[in-house]
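The values are calculated or read from the model by the stated rules, or taken from the named source; none is laboratory data. Keep in mind it's a predicted model, so treat the numbers as computed, not measured. Cβ atoms come from the backbone with ideal geometry, glycine included; neighbour counts cover every protein chain shown. Ligands, DNA and RNA are excluded from the accessible area calculation, which covers all protein heavy atoms including side chains. Shrake-Rupley method; radii C 1.70, N 1.55, O 1.52, S 1.80 Å.
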4 protein chains.
Amino acid sequence: MNESSFSKTRCKRKGKNTLAKRRGQKYEQIIEAAVKVIAQNGYHHSQVSKIAKEAGVADGTIYLYFKNKEDILVSLFQEKMGKFIQKIEDELAGESSIEEKLLVLITMHLQQLQDDYSLAIVTQLELRQSNLELRNRINEVLKGYLKLIDTVILLGIEEGIFSEDIDVRIARQMIFGTIDEVVTNWVMKEHKYNLVLQAKPVHGLLLKALTK
Amino acid sequence: MNESSFSKTRCKRKGKNTLAKRRGQKYEQIIEAAVKVIAQNGYHHSQVSKIAKEAGVADGTIYLYFKNKEDILVSLFQEKMGKFIQKIEDELAGESSIEEKLLVLITMHLQQLQDDYSLAIVTQLELRQSNLELRNRINEVLKGYLKLIDTVILLGIEEGIFSEDIDVRIARQMIFGTIDEVVTNWVMKEHKYNLVLQAKPVHGLLLKALTK
Amino acid sequence: MNESSFSKTRCKRKGKNTLAKRRGQKYEQIIEAAVKVIAQNGYHHSQVSKIAKEAGVADGTIYLYFKNKEDILVSLFQEKMGKFIQKIEDELAGESSIEEKLLVLITMHLQQLQDDYSLAIVTQLELRQSNLELRNRINEVLKGYLKLIDTVILLGIEEGIFSEDIDVRIARQMIFGTIDEVVTNWVMKEHKYNLVLQAKPVHGLLLKALTK
Amino acid sequence: MNESSFSKTRCKRKGKNTLAKRRGQKYEQIIEAAVKVIAQNGYHHSQVSKIAKEAGVADGTIYLYFKNKEDILVSLFQEKMGKFIQKIEDELAGESSIEEKLLVLITMHLQQLQDDYSLAIVTQLELRQSNLELRNRINEVLKGYLKLIDTVILLGIEEGIFSEDIDVRIARQMIFGTIDEVVTNWVMKEHKYNLVLQAKPVHGLLLKALTK
DNA sequence: TATGAATGAGACTTCATTCAT
DNA sequence: CATGAATGAAGTCTCATTCAT
């Protein structure tokens, strides 16, 4: 994910052809199939028919659950990112010190992508191969995560641990940019090393940059 | 650019049409046209015919200078990135202190992309919409820049300014990831603010992270 | 046909679209359209779109039934030649004397092509405008016919009518080469005379060559 | 060659741009290059530029000696066939008996193509991949050879050796069709056996067909 | 004569989406 | 709800030919 995408908005549709049923079992099936197929074949070789086959449904069925192909991608990102953020938020709540909170954020970010390599490929590489419109929608989804990072930074400043001179936006871009870059490198190196082990040194550098 | 691409390799062409041609006026014309067209229309709407028209040459002429459409992109990146790095290297040579060197690197990176918004769009957004093979070739090109960053980090450690505990790879990922994220945000916000002004605060944070 | 092509092999298609489809009505439609279009316009001016239009289907539909353009040609040949041979075989079974069998073979060969001038153009002229790979596949199909000719020759020898000194391969090449040349000439002369009437004199010469 | 092509006619061209210079050294070079390139790469992969390169001339130079690409093919056939026929005619003159003449004709036909495998590929396979117009021009060239065959047949009848009931056209088609088929088979079998050795049995069959 | 860089028309094939069943 | 056969628009690349030098 680039720091440019994340949200919970859903396209509304009216009348009979609404996608109200988005919560069916097939909806999940298709999302999972999409992650798998895109991770395996790459964005440009992931035809709707291939996703449908992997999901065990007919091509046309896709369009009962998603407006179009792009909508699969955005929904995929929304689904996965929603859970991604939720987990981090839950974990953060249990920590008291700001240093711990930052470590947890970094660790959880790395952990979750290490645990789901297919998802990592999709978020770090394949999902970026999209047009501007799609990227903007993805950014809406990403915003939730960025706000979470902002919260941590602001809390650190409030508590007097982080310098009050810090430009929050830039600090957030540093945190997200660094972690994102670490993950992308890991993916491109075909995850040949332990990603979560990078959390400690990353935490060290970022904390040093932020603290008074 | 993702921290994953940069080099000087040139693809070979068969027969008479070899590298010699790449120095022709038309070669430059096509590269410039490609940057403009891709920045304007996005990667997926930049047909070869559109680039040819913008360059003022026939469609077929493109193929006298480039192996295929993808080759235009890679060459574009090589061409532009070669100059991009060269400028930074030149500027770095003039600075003595490591703090200044880091500031110059950040500033030049931001400056060059601010000065060429079309190029910024292409490197930050459009060029990432490529398949894995293309991305690997781009990464080769990017390597030169990453090595440059490594050089600065190692120098800082040598001089006793940066902590010797620093993991160079991670430090490099932080520096590149942060700057890259700053630029991408600027591009996605449609460059409504001065990008170079971000250099100072970015420098402040990164320097703080690295110094003993 | 050159003495070099004939078979029943079917190319495989991946996924759902397998041979089942080849029995659809559209499959036949496309084959018939291809014969007509190629006979009228020549191989090199028979675009897929033209064939699709003649068949009354969309361009893309062609690719649900055929792997590519070449596959239309091979399938066409297989389809038509299969019936061609079958008819001759059926007719031969009804004849007792070897002389009659040879006459039937010649007559049927000429008759069938005279009855379908479009097919004659395609087999004698257009289908030979293909690359080596295609020609080899066509030859596979043709083999069935050549074997049929061999059968007749061997029977003649067995029955003591044909000389046992005969080189079967050469005799077969004479029979096929002669009939093929007669048909090609008829086609190139724009079928201005009755082709079947050539059967008698051809039969006379060939029989004389073979008999003891 | 199909029994459908051969002549000495040359397209006339007027004014300065005439191809009067067709007898230059380069003319021969290009013809030889064309035979070699077409035999090696097949008709469809024999671009004008490839022939030019093989001939050691510039692409444009081709057009000083030939009207267009097709003209190279026709000229090639004319050149080669002219010599082909001449040789057979010369040889025939030395023979007295009609049986000997027929044997010489068959042998020479096979011999010349066996001696020049590149030419055999071109005449038996590649040259047939042409459009109707080209084929008609080639047939004009071939006529000379067919007339030669007719001459032998008529002589045989005159001398009372061949039956006077023979249809000369059909006899000629049998002779040419048989030899042509024998050669084509040899080429497609990648000339793995001695072609000239086929002359005797072919002669035996044809002579038997024709004699009283 | 000779060159060879430039031209530009032309076609195969893919694949997201629809809709009759 | 589900299907999957059918659609048809759209784009990359080749290569015969030209023409300024």
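Structure values in brief
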{"item": "Residues in the stretch D:150-188 that a label on D:Ala93 would reach, taking backbone N under 19 Å of a point 7 Å out along Cα→Cβ", "result": "D:150-153, D:155"}
{"item": "Cα pair distances of the protein assembly as shown binned at 10 Å [whole percent]", "result": "2, 10, 16, 16, 13, 11, 11, 10, 7, 4, 1, 0, 0"}
{"item": "Kirkwood hydrodynamic radius over Cα pairs of the stretch B:167-212, then Stokes diffusion coefficient at 37 °C and 0.692 mPa s, in µm²/s", "result": "289 µm²/s"}
{"item": "Carbon + sulfur, % of accessible area of the protein assembly as shown - ligands and nucleic acids excluded, 1.4 Å", "result": "52 percent"}
{"item": "Unit charges at the beta carbon, dipole of chain C: most positive-side option, C:Phe84, C:Gln198, C:Gln111", "result": "C:Phe84"}
{"item": "Relative contact order of the stretch A:151-212, pairs being alpha-carbon contacts under 8 Å that are 6 or more residues apart, as %", "result": "43 percent"}
{"item": "Globularity index of the stretch D:26-126, i.e. its alpha-carbon radius of gyration over 2.2 N^0.38 Å", "result": "1.25"}
{"item": "Check: the protein assembly as shown dipole with +1 on Lys, Arg Cβ and -1 on Asp, Glu Cβ, in debye", "result": "1880 debye"}
{"item": "Convex hull volume of chain A per residue (C-alpha atoms, cubic angstrom)", "result": "123 Å³"}
{"item": "Semi-axis lengths (Å, descending) of the ellipsoid that matches the C-alpha gyration tensor of the stretch A:17-67", "result": "19, 10, 9"}
{"item": "Per-residue mean of C-beta atoms belonging to partner chains within 10 Å, peptide C:198-210", "result": "5"}
{"item": "Cα-based Kirkwood hydrodynamic radius, the stretch B:89-181, one decimal, Å", "result": "14.5 Å"}
{"item": "At 7 Å out from Cα toward Cβ: C:Glu158 inter-copy label distances (nm, ascending)", "result": "4.6, 9.2, 10.1"}
{"item": "1.4 Å probe, heavy atoms, protein only - residues of the stretch A:171-193 losing at least 20 Å² accessible area vs chain alone", "result": "A:Gln173, A:Met174, A:Gly177, A:Thr178, A:Glu181, A:Val182, A:Thr184, A:Asn185, A:Met188, A:Tyr193"}
{"item": "Chain C - mean residue ellipticity at 222 nm from DSSP helices (-39,500 (n - 2.57) per run, n ≥ 4, rounded to 500)", "result": "-22500 deg cm²/dmol"}
{"item": "Area buried, chain B against chain A - accessible surface, total, 1.4 angstrom probe, square angstrom", "result": "3300 Å²"}
{"item": "Among C:Met174, C:Met81, C:Met108: highest mean-square fluctuation, GNM of chain C, C-alpha pairs under 10 Å", "result": "C:Met174"}
{"item": "With all protein chains modelled, accessible area of C:Thr211 [1.4 Å, Å²]", "result": "30 Å²"}
{"item": "Residues in the stretch B:110-149 reached by a label modelled at B:His191 [backbone nitrogen below 19 Å; 7 Å Cα→Cβ]", "result": "B:110-128"}
{"item": "Alpha carbon centroid spacing (whole Å) that separates the stretch A:47-122 from the stretch A:164-212", "result": "20 Å"}
{"item": "Average accessible area per residue (Å²) across the stretch B:77-143 - probe 1.4 Å, nucleic acids and ligands excluded", "result": "37 Å²"}
{"item": "Contact order normalised by residue count of chain C, Cα under 8 Å, 6+ apart, percent", "result": "31 percent"}
{"item": "Among the listed pairs B:Lys53/B:Lys192; A:Lys101/A:Lys208; A:Lys26/A:Lys83; C:Lys192/C:Lys212, those beyond 24 Å (Cα-Cα)", "result": "B:Lys53/B:Lys192; C:Lys192/C:Lys212"}
